[in-house]
Structures are given as structure tokens and as C-alpha cells.
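The structure under discussion appears below in the form of C-alpha cells.
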Amino acid sequence: MYTVILNGSPRKNGDTIKLLNMIIPKINGDCKIINTFFLNVSPCIDCRKCHTSDSCSINDNMPAFLEDLKSADNIIISSPLHYSMLSGNLLSFFSRFQYLFVSKNIRKDPNFDMKRKRGYLILTGGGATKDFSPAEKISRLILRELNASLDRVLKYTDTDKFPLKDFDYFEEEKKLFIYNEIEKFTSKINTL
């Protein structure tokens with residue numbers, strides 16, 4: 001089993017990556033994290049070259065990432081919430097999936113192959129972040145372009161009050177709750 005994680009956090013030691021670090025060892029098979037904030041990937045410029053060509057006009061690392069996504073069995077989108085939405089760099093990265101949509105629906109490329117996979121979502125937020133529905137809605141659309149369903153969502157709220165860097169000092173009941181949520185999340189991933 002091959003799982004690709006699209007991480008949109010700009011913080012190398014923030015709550016999103018700390019949660020991922022708790023989850024990854026529990027996932028069967030190989031995992032690859034693509035940290036979109038640190039990539040040389042430009043957003044789609046809507047030049048429409050992909051309408052008539054099987055390549056993109058932007059010369060960057062995106063083609064390699066698309067190959068990883070095509071071969072994955074599972075896709076995990078992980079992001080802190082900014083105004084109830086996925087991070088800007090993650091959305092910029094996803095704008096390049098326009099190529100996938102065009103290949104399948106406009107060019108009707110007979111060589112376009114995107115095997116069926118399962119999708120998952122990890123969201124972290126604090127402060128006034130209480131509405132996760134915008135991020136969930138856009139994630140469903142993004143996963144659809146990857147031929148994936150959204151099978152489970154893991155939410156960690158109150159990062160402002162209980163940052164995961166302090167996890168060792170959490171009350172046992174809170175730790176147990178987090179471990180149980182991680183267990184439910186990863187058991188779904190590990191069940192093919």
C-alpha cells in the first residue's frame with residue numbers, strides 16, 4: 001500500500017506536522033510526504049496549453065508529483081485552517097490539478113489513467129476556527145480529480161489552547177482521546 005500525504009503547513013514543527021508524525025508510523029505500507037509550502041511548484045496560470053497538449057507550460061517539479069499521486073492507493077490532505085480554508089500554498093498546488101481535469105474531460109486523453117484510490121483529510125485549527133465545512137468541501141473536489149473519495153476526516157481543534165508540542169503534559173484523558181481518534185483514522189486507511 002502506498003500513501004501520499006499532501007501537507008500544506010508552512011510550519012515545520014507546527015500542530016499539523018506533529019499530528020502527522022503521530023499518524024504515519026501507524027499506516028501500513030510506504031508513505032511519502034509532499035510538503036507543498038517548500039516546493040518549487042507554481043500555481044496554474046490558465047494559459048490553456050494543456051487543452052491542446054499533454055504537457056503544461058510551467059516547467060517545474062509538478063509532473064513528478066502527479067506521478068506519485070497517480071500511483072498512490074491513499075491520498076491524505078493535511079492542513080492548518082486559515083479562515084476555515086486549507087492553506088494558501090496547498091490551494092496553489094491544487095490549482096495545477098487543472099491539468100488532470102483537462103486531460104480527462106476536455107482533451108479526453110485515451111492514455112489518461114488515474115486508478116481509484118481513497119482520500120483522507122487532516123485539519124488543525126484554533127482560536128475562532130470552528131467551521132471546517134469549507135475545507136472539507138474543497139477537499140472533496142480536489143480528491144475527485146485524483147479519482148478518490150473522502151473516506152474519513154480527522155480534526156484537531158483548540159491548537160491555541162492545547163498545542164501538540166505540549167502533548168506530553170496533556171491530561172491522560174485528553175491524550176487517550178487523541179490516540180483513539182488517530183486509531184480510528186489509521187484503521188480506516190489500513191483496511192483495503
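The values are calculated or read from the model by the stated rules, or taken from the named source; none is laboratory data. Quick caveat: nothing in here was measured; it's all calculated off a predicted structure. Quick reminder, even Gly has a Cβ in these numbers, built from the backbone with ideal geometry, and neighbours come from all protein chains shown.
Some notes on this structure:
- Considering residues of the range 123-146 that are hydroxyl-bearing (Ser, Thr, Tyr) and surrounded by 17 or more Cβ atoms within 10 Å (Cβ to Cβ) only, the residue farthest from the chain's Cα centre (by Cα): Thr129
- Search result, residues across the range 1-18 that are more than 19 Å from Leu143 (Cβ to Cβ), assigned to a helix (DSSP H, G or I) and either in contact with a Ser or Thr (Cβ under 7 Å, 6 or more places away or on another chain) or polar (S, T, N, Q) (or both): Asp15, Ile17
- Any hit, the range 76-83, residues being at pLDDT 95 or above, within 30 Å of His51 (Cβ to Cβ) and of a type outside the set (A, V, I, L, M, F, W, C): yes
- Hits in the range 36-83 (condition: buried (at least 18 other Cβ atoms within 10 Å of the Cβ) and in a strand (DSSP E or B)): Asn74, Ile75, Ile76, Ile77, Ser78, Ser79, Pro80
- The set of residues from the range 76-106 being among the basic types (Lys, Arg), in contact with a helix residue (DSSP H, G or I) (Cβ under 6 Å, 6 or more places away or on another chain) and over 27 Å from Ile24 (Cα atoms) is empty.
- In summary, Leu150 fulfils each of the numbered conditions (1) touching a residue at least 40 places away in the same chain (Cβ under 8 Å); (2) part of a strand (DSSP E or B) with the single exception of condition (1).
- Qualifying residue in the range 102-122 (condition: closer than 20 Å to Leu20 by Cβ, surrounded by fewer than 18 Cβ atoms within 10 Å (Cβ to Cβ) and small (Gly, Ala, Ser)): no
- Contacts under 6 angstrom Cβ, first residue in the range 23-42 being closer than 18 Å to Gln98 by Cβ, partner of a type in the set (S, T, N, Q), 6 or more apart: Thr36/Asn89; Val41/Asn61
- Failed item in (1) more than 13 Å from the chain's Cα centre (by Cα); (2) at pLDDT 90 or above, with Pro63 passing the rest: (2)
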